[in-house]
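Before any comments, here is the structure.
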Amino acid sequence: MASSKTITVDVDDVSYTDNVEPRLLLVQYLRERLGKTGTLIGCDTTNCGACTVHLDGVSVKSCTMFAVQADGHSITTIEGLARDGKLAPLQQAFHQCHALQCGFCTPGMIMQSASLLNENPHPTEQEIRDGLEGNLCRCTGYQNIVAAVQAAADGTVSADSDATETAGVA
């Protein structure tokens, strides 16, 4: 058995210091230690994107990153996008545009979309589709997901739902 390592990470603006096994995946740390269950485990191979989080503002797939690699970094999960009980505009757009069916891919799709919009605030439809490559949805035809990203980019989202209604968290 490998010896544990102490890590300190900021997750959703809260600092955590924990002893972890070096082989513990970041997705397992977030879900099992911190209770951030919106970050989903889908494939364990980076193919589906359900585990997407932001590490220092950049999208990463947490199923193939060790928790010790996140030491000293800032992580944002789907739970961290909502503020003061209100959905983030992108979460609201997914809700309003019906950009989900079963909801399994939704947290990863939202996190990847947020990264895309941070890099390119006004993407074209093709840029959105290209930016979401690597995040799979088995239920939709992606059209409503693309529409939600466009609505968030265009600012045509009403901000009337609270985070308890639907936060993209399973």
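The values are calculated or read from the model by the stated rules, or taken from the named source; none is laboratory data. Computed from a predicted structure; not experimentally measured. Cβ atoms come from the backbone with ideal geometry, glycine included; neighbour counts cover every protein chain shown. Remember, those area values only see protein heavy atoms, side chains included, never the ligands or the DNA or RNA. Shrake-Rupley method; radii C 1.70, N 1.55, O 1.52, S 1.80 Å.
Looking only at the range 55-75, count how many residues are open to solvent by 50 Å² or more (accessible area, probe 1.4 Å) and either of a type in the set (Asp, Glu) or assigned to a helix (DSSP H, G or I) (or both).
4
Does LEU26 satisfy the criteria of being farther than 14 Å from LEU136 by Cβ, out of contact with any Asp or Glu (no Cβ under 9 Å at 6 or more places or on another chain) and touching a residue at least 12 places away in the same chain (Cβ under 8 Å)?
yes
Starting from residues that are loosely packed, with under 15 Cβ neighbours inside 10 Å and in a loop (DSSP other than H, G, I, E, B), keep the ones in the range 143-169 and report whichever is modelled with the highest pLDDT.
GLY155
Pull up the range 16-35, narrow it to residues that are in a loop (DSSP other than H, G, I, E, B) and among the aliphatic types (A, V, I, L, M), then point me to the one that is farthest from ALA70 (Cα to Cα). Break it down stepwise before answering.
Going residue by residue through the range 16-35, those that are in a loop (DSSP other than H, G, I, E, B) are 21-24, 34-35.
Filter again for among the aliphatic types (A, V, I, L, M), leaving 24, 34.
On the way: LEU24: 11, LEU34: 14 Å.
The qualifying residue farthest from ALA70 (Cα to Cα) is LEU34.
Kindly check whether there is at least one residue in the range 34-54 that is buried (at least 17 other Cβ atoms within 10 Å of the Cβ) and among the charged types (D, E, K, R).
yes
What residue, among those in the range 121-142 that are at pLDDT below 95, open to solvent by 70 Å² or more (accessible area, probe 1.4 Å) and of a type outside the set (A, V, I, L, M, F, W, C), is nearest to the chain's Cα centre (by Cα)?
Going residue by residue through the range 121-142, those that are at pLDDT below 95 are 133-142.
This time we only want the ones that are open to solvent by 70 Å² or more (accessible area, probe 1.4 Å), so: 133, 136, 138.
From what is left, the residues that are of a type outside the set (A, V, I, L, M, F, W, C) are 133, 138.
On the way: GLU133: 14, ARG138: 17 Å.
Result: GLU133.
Looking only at residues that are farther than 10 Å from ILE78 by Cα and among the small types (Gly, Ala, Ser) in the range 99-110, which one is least open to solvent (accessible area, probe 1.4 Å)?
ALA99
As an exercise: evaluate ASN118 against (1) touching a residue at least 60 places away in the same chain (Cβ under 8 Å); (2) under 19 Å from ALA153 (Cβ atoms); (3) assigned to a helix (DSSP H, G or I); (4) open to solvent by less than 80 Å² (accessible area, probe 1.4 Å) and give the number of the one condition it does not meet.
It fails just one condition, (4).
For SER113, are the conditions met, namely being open to solvent by 20 Å² or more (accessible area, probe 1.4 Å), touching a Leu at 6+ places or on another chain (Cβ under 8 Å), on the phi < 0 side of the Ramachandran plot and at pLDDT 95 or above?
Taking the combined requirement at face value, the residue does not satisfy it.
So which residues in the range 76-93 are in a helix (DSSP H, G or I), open to solvent by less than 40 Å² (accessible area, probe 1.4 Å) and out of contact with any helix residue (DSSP H, G or I) (no Cβ under 7 Å at 6 or more places or on another chain), if there are any at all? Can you show your working first?
Initially, the range 76-93 is screened for residues in a helix (DSSP H, G or I), giving 78-80, 89-93.
Filter once more, so that each one left must be open to solvent by less than 40 Å² (accessible area, probe 1.4 Å): 78, 80, 90-93.
Once the filter is applied, which keeps residues that are in a helix (DSSP H, G or I), open to solvent by less than 40 Å² (accessible area, probe 1.4 Å) and out of contact with any helix residue (DSSP H, G or I) (no Cβ under 7 Å at 6 or more places or on another chain), the range 76-93 yields GLY80, GLN92.
Within the bounds of the range 2-15, is there any residue that is open to solvent by 50 Å² or more (accessible area, probe 1.4 Å), within 29 Å of ALA153 (Cα to Cα), assigned to a loop (DSSP other than H, G, I, E, B) and not polar (S, T, N, Q)?
There is at least one residue in the range 2-15 that is open to solvent by 50 Å² or more (accessible area, probe 1.4 Å), within 29 Å of ALA153 (Cα to Cα), assigned to a loop (DSSP other than H, G, I, E, B) and not polar (S, T, N, Q).
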